[in-house]
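Visitor: This structure is in structure tokens; I'll ask about it shortly.
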Amino acid sequence: MSVTGNLSQILVELTTNQRVIREEALEALVTEICQANHIFLAGAGRSGIAVRGFANRLMHLGKSVSLVGDVTNPHSSPGDLLIVGSGSGETESLVALARKARRGNVKIGLITMDEASTIGQLADVVVVLPGVSPKLRSMTQVTSVQPMGSAFEQMSFLTYDAIILELMQQTGETTDTMFPRHADLE
């Protein structure tokens, strides 16, 4: 198969798999984002890269956001939201982070493949995305031609962008109103 053939296969896979995502869970996460005083975001590996892109767009929307682990993070408070991107929901550092957030009465949103995971049990909102991974405990009916967690990571990035579009519609933000918040010292 050619590279463009592989790309076509990936796009068909993502389009097919997105149909199993629950709209109610996405709407609940959007509500939590709108109500949060401050939004902390965390993820590891490639899931963390997608989370960083989401944090960037939330900032462009004018939201108060921080990437966990950054030296400029403020102290968390009740009324804040922690959004975790973790395919397995079992990454040790992220589990510890979610437990600490729970103790501090910080709301938790999880984007994952496994809602029964440790972080899933701690979270207020769980958005389950289709994907496959060698780390996944529960059985899934999703198949992928892609290696490891690629399908989940790609679906995460697309889902984050879909959430941004919904937030733009709800707040009346546009590319033109968001662009002045884009970094200029880069």
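Visitor: Hey, how many Å between the Cα centroid of the stretch 141-186 and the Cα centroid of the stretch 58-127?
Guide: Comparing the Cα centres of the stretch 141-186 and the stretch 58-127, I get a distance of 17 Å.
Visitor: LEU129's amide H: which non-local residues (gap 5+, or another chain) put their own amide H closer than 5 Å, with H modeled 1.01 Å from N in plane and none for Pro or chain starts?
Guide: For LEU129, the qualifying residues are THR112, MET113.
Visitor: Let me ask something else about it. So between ASP161 and GLU92, what do we pick up on full extension, going 0.36 nm a residue minus the alpha carbon distance?
Guide: Value of the extension gain: 22.2 nm.
Visitor: Please list, ordered by chain and number, the residues whose modelled amide H lies under 5 Å from the amide H of SER117; skip anything fewer than 5 residues away on the same chain.
Guide: The list, which skips near neighbours in sequence, is empty: none.
Visitor: State the extension gain, in nm to one decimal, for the chain segment bounded by ARG99 and ARG181, taking 0.36 nm per residue of separation less the distance between their alpha-carbons. Write out the running numbers ahead of the final one.
Guide: Values: separation 82, 0.36 × 82 = 29.52 nm, distance 3.24 nm.
Taking ARG99 through ARG181 to full extension adds about 26.3 nm, to one decimal.
Visitor: Can you give me the distance in nm between label points at MET148 and ASP124, each placed 7 Å from the Cα along the Cα-to-Cβ direction?
Guide: 3.3
Visitor: Taking θ as phi - 60°, what are the ³J(HN,Hα) couplings along the stretch 43-55 by the Karplus curve (6.51, -1.76, 1.60), each to the nearest whole Hz, with x for Gly and Pro?
Guide: Karplus values, whole Hz, x for Gly and Pro: x, 10, x, 5, 4, x, 5, 4, 4, 4, x, 5, 4.
Visitor: Continuing with this model, one more query. Just grab the label-to-label distance for ASN37 and ASN6, each label 7 Å out from Cα along the Cβ direction, in nm (one decimal).
Guide: Computed distance between label sites ASN37 and ASN6 equals 4.8 nm.
Visitor: Given a Förster distance of 45 angstrom, what is the FRET efficiency for VAL20 paired with SER64, based on the Cβ-Cβ distance and rounded to 0.05?
Guide: That pair, VAL20 with SER64, gives E of 0.90.
Throughout, read-outs are computed from the coordinates displayed, never taken from laboratory work. Since this is a predicted model, take the numbers as computed values, not measurements. Don't worry about glycine lacking a Cβ; one is built from the backbone with ideal geometry, like all the others, and counts go over all protein chains shown.
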